[in-house]
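Written below as structure tokens is the structure these notes are about.
Just so you know, all these numbers are worked out from the coordinates, no wet-lab data involved. Just so it is clear, the structure is predicted and the values come from calculations on it, not from any experiment. When we count neighbours, we look across all protein chains shown, and the Cβ atoms used for this are built from the backbone with ideal geometry, even at glycine.
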Amino acid sequence: MSNPIIKQVILFLTLAACAAFAAGTLILDVVIFKDQVKEISATEIIQEAFLFITAALFFIESRRHKAWRGAYILTAGFFGCMLIRELDGLFDLIYFGSWCYFASLLAIYSLCWAAMTPKTMMNGLYALVEEEAFPIMLFGLVIILVFSRVMGIHQIWQAAVGGDNVRLVKNLVEEGIELFGYTLCLVAAIRMRIKNKLVA
């Protein structure tokens, strides 16, 4: 699409839809299902599904683009580690905190693969950061790794809300923001996949 105004309008509408989707999922959890965004909730399940799809898309791309394979496996491993962290409740059934070991194994595998093919790692990283959708992914990661953590600080909501609802409000804010970030990362990965498929 050559018209930059139309492109930016479409981008705005896409980002707005991502934000509305995250808020709508919270409404589904709290108003319809009447749960408190616990480990098994629509919000958590969608987060995990989006992370799985994002990681899978980069892994698929690593198979299709040999020249960029190292970077794509590294990226797939990164999102895979985030998925394992989100599934910590499941891994706790093995024993508490065991998710760390599984995430570490995946991280080591991804790093070793990238280190063994340094040219495909660097070429892939250059290609990745030059993607039109990369800023969307970067923004999503800032939301997940920084903004949601800051907004999830217990003391903020203890001071603002107090009483028995502190935990619920904290979870709503933190998980809703995280879902928005995961949605942005998935949208960026899909846009990259479509572009790569068109130019392949």
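Grab the DSSP H runs of the chain that are 4 residues or longer, score each as -39,500 (n - 2.57), total them, divide by all residues and round the 222 nm result to the nearest 500 deg cm²/dmol.
-25000 deg cm²/dmol
Check cross-link reach from Lys170 to the lysines: straight Cα distance under 30 Å, and skip same-chain residues fewer than eight apart.
Lys34, Lys38
Which option, (1) 19.0; (2) 17.1; (3) 18.2, is the value of Kirkwood radius over Cα pairs in Å that was calculated from these coordinates?
Given (1) 19.0; (2) 17.1; (3) 18.2, the calculated one carries the label (3).
Compute the helix-to-body angle for 166-199: its Cα long axis versus the longest principal axis of the chain, expressed 0 to 90° and rounded to tens.
For helix 166-199, the angle is close to 20 degrees.
If you take every residue apart from Ala188 with its C-beta less than 10 Å away from the C-beta of Ala188, what net charge results, scoring Lys and Arg +1 and Asp and Glu -1? If you can, show how the numbers build up before the last one.
Working: positive: Arg191, Arg193; negative: Glu131, Glu132.
Combined, the nearby Lys, Arg, Asp and Glu give 0.
Taking the Cβ of Thr117 as the centre, find all other residues whose Cβ is under 14 Å away and add up their charges (Lys, Arg: +1; Asp, Glu: -1).
Details: positive: Arg63, Lys66, Arg69, Lys119; negative: none.
Counting the neighbours of Thr117, the net charge comes to +4.
Would you work out if the stretch 80-131 is rounded, prolate or oblate? Take a ≥ b ≥ c from the square roots of the eigenvalues of the alpha-carbon gyration tensor; rounded if a/c is under 1.5, else prolate when a/b is larger than b/c, oblate otherwise.
Working: a/c = 6.49, a/b = 2.31, b/c = 2.81.
Cα axes put the stretch 80-131 in the oblate bin.
Using only the alpha-carbon atoms, how far is helix 42-64 inclined from the longest principal axis of the chain? Give it as 0 to 90 degrees, nearest 10.
10
Quick one: helix 118-129 against the long Cα principal axis of the chain, what's the angle to the nearest 10°, folded into 0 to 90?
For 118-129 against the chain, the angle is about 60 degrees.
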